[in-house]
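A quick write-up on the structure given underneath.
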Amino acid sequence: AFSAPGHMGHKNFEDVNSIADWYSWMQKGFVAIYLPSEKSISEDSGLTVEPVDLEYAQMYLGHNRKIGAVKLSQETLTPASCPNENVAGSLELTCWSYGSGLNLNLRPTELDVSQSAVSEDPSKTVFLGYSNVSQALLHLEQTHWLEYKTHRATVSFMTYHATFDLLTVTNIQFLFALSGHIWKQITHRSMQLNSHPNAEAYLFEILFFGHITFLFLLEGFEVVQTLKDVRFNLKQFVREYVDFWNLVDWLSIALAYGILGTWIRQCIMQANLGELLQEWVHLDDECLSTGGVSQACAAARDEMLLMFETIETLGRTVRAQRMLSGFYPVCIMLRLFKAFAAQPRLAIVTETMSEAANDLAHFGIVFFSIFFTYVSMGMAFFGREVPSFSSFDRAMLALFRALMGDFSVEDMETSGRAIAFIFFGSYMGIACMLLLNMLIAIIMDVYGHVANRSRNAE
């Protein structure tokens, strides 16, 4: 791709398919955009090309201030025993393993890449500044910085947007699979350094966590009162107090305080990150004033490494908080159902599901027996050609989406139209037309009885 003669054309990082391509992309693609040595002018304008000054070099896309140098880091493969030691030994081959790193046998998602643990090799970490970039990359190529035991190579750079108070780390990830394929993925971590830019942010937090604390006190009072009523007899307390709805209340309290804990940690880390950034600015200014030869330059480099590590840790904290925040509305929904139980008409849905639970459980045994049978069949028929059937979890998702009407028969036809017709036709006939309609019939039968009882009660 890049290493072939001729112009670069429309090629981008997705066209990196070899180690030589990676160096070509760095020189012709990345450096030309992020670390240019000359100011951009329009084609055939006849204007004089001017070299970049420090102010121009420090800005990216007009509004983003570059923070420090570009970081090149690497994770390497782990030596492993070969499945056939005799053949491998006779051919003098070494076998490798991903170790604790990301498994690249299938194309990883952006979430897989951004959230997976990375064991960087410190001896492979390199920084590219604003000057002598081409020479530095040429030196890396000459010393074989990238090699065939490389598992992941990451090009990272940090920018700050003052208008949005946003510190962003962009990671361009090159993932070297043992098959020889190079997966590519761009991931970002963006953080606001001031977690409370106005009084409104404090107000919402006080209202939310104040409400949760009030609920905690009410539930705690109910627990104490129940214990007094049963004279601290634990068995009787469990019978009197422990039920589904009280468990929902305590679960919502626990999740809310989990959100609070991760949010407090996030705020502290954001404040620390802001302080690190300001310290780095002072050290970088001192480094530039001395021509890049003072101890401040090494200190600024250490500060940058610390900022990269802090942002990675902060990103995982934010992810944990988002997961808790995503599940919390389910607790709110269940608590609403608890409130609906006080009114017969509103309680129809919960009573229907409760009374149909036994029939649904037996139906579920039959349904999932058939469903997992087709998951196994799909993997056997299409797993080698169709990515959505290449693993058990992907096949499950593909067949669930097919139940909802989202499917691609054309992908299945790569294994033969006859096989695709038999598999897809029988699955849709049994799972969609038969079983889903049976599910609706079970629920509607119970719903009719519950609705009639509710009307009679009024």
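Details
- Full extension of the chain between Thr94 and Ser369 gives 94.7 nm of extra length, using 0.36 nm per residue less the Cα-Cα distance.
- Against the chain, whose longest principal axis comes from its Cα atoms, helix 436-457 is set at around 50 degrees.
- Subtracting the Cα-Cα distance of Phe340 and Glu286 from their residue separation scaled by 0.36 nm leaves 12.9 nm.
- For segment 117-158, the Cα-based Rg and Dmax, in that order, read 11.3, 32 Å.
- Phi to ³J(HN,Hα) by Karplus 6.51 cos²θ - 1.76 cosθ + 1.60 over segment 224-229, Hz, x for Gly, Pro: 4, 5, 5, 4, 5, 5
- Under 20 Å from the Cα of Lys39 - aspartates and glutamates, other chains or at least 8 residues apart: Glu50, Asp53, Glu55
- For peptides 247-253, 57-63, sequence by mean Cβ density within 10 Å, most packed first: 247-253, 57-63
- Per-bin percent of Cα-Cα distances, segment 115-271 [10 Å]: 8, 21, 20, 16, 15, 12, 6, 2, 0
- Rounded to whole Hz, the Karplus (6.51, -1.76, 1.60) HN-Hα couplings of segment 13-22, x for glycine and proline: 5, 5, 8, 7, 10, 7, 5, 4, 4, 4
- Dipole-positive endmost among Pro108, Thr78, Ile67 within the chain (Cβ charges, Cα centre): Pro108
- Calculated FRET value between Thr226 and Met353, using beta carbons and R₀ = 35 Å, to 0.05: 0.80
- Three-way shape label, the chain, alpha-carbon gyration tensor, a/c 1.5: oblate
- Farthest toward positive dipole pole in segment 262-409 [+1 Lys/Arg, -1 Asp/Glu at C-beta], among Ala341, Cys331, Gly291: Ala341
- Dipole moment magnitude, nearest 20 debye, segment 1-152 about Cα centre, only Lys, Arg, Asp, Glu C-beta charged: 220
- What segment 359-437 shows is 58 Å² of accessible area per residue, with the surface traced by a 1.4 Å probe over protein heavy atoms.
- Using only the C-alpha atoms, the convex hull of segment 318-458 corresponds to 131 Å³ per residue.
- Cα shape, segment 167-215, gyration tensor, a/c 1.5 rule: oblate
- Segment 363-420-segment 58-93 distance, computed between alpha-carbon centres (Å): 34
- For the chain, cysteines whose Cβ has no other cysteine Cβ within reach (under 4.7 Å): Cys267, Cys331, Cys432
- Couplings 3J(HN,Hα) for segment 416-422, derived from phi with the Karplus relation 6.51 cos²θ - 1.76 cosθ + 1.60 (θ = phi - 60°), are x, 5, 5, 5, 4, 5, 4 Hz, where x marks Gly and Pro.
- Residues Asp411 and Lys184, FRET efficiency given R0 of 30 Å [Cβ-Cβ distance, rounded to 0.05]: 0.85
- Axis of helix 295-340 versus longest Cα principal axis of the chain: the two differ by about 20°, to the nearest ten degrees.
- Taken about its Cα centre, segment 334-415 carries a charge dipole of roughly 420 debye when the Cβ of each Lys and Arg holds +1 and the Cβ of each Asp and Glu holds -1.
- This model, with +1 at the C-beta of Lys and Arg and -1 at the C-beta of Asp and Glu, gives the chain a dipole about its Cα centre of some 1280 debye.
The values are calculated or read from the model by the stated rules, or taken from the named source; none is laboratory data. Quick caveat, the model's predicted, so the values are computed rather than measured. Note that each Cβ is placed from the backbone with ideal geometry, even for glycine, and that neighbours are counted across all protein chains shown. Please note that ligands, DNA and RNA were not included when accessible areas were found on the heavy atoms of the full protein model with its side chains. Shrake-Rupley method; radii C 1.70, N 1.55, O 1.52, S 1.80 Å.
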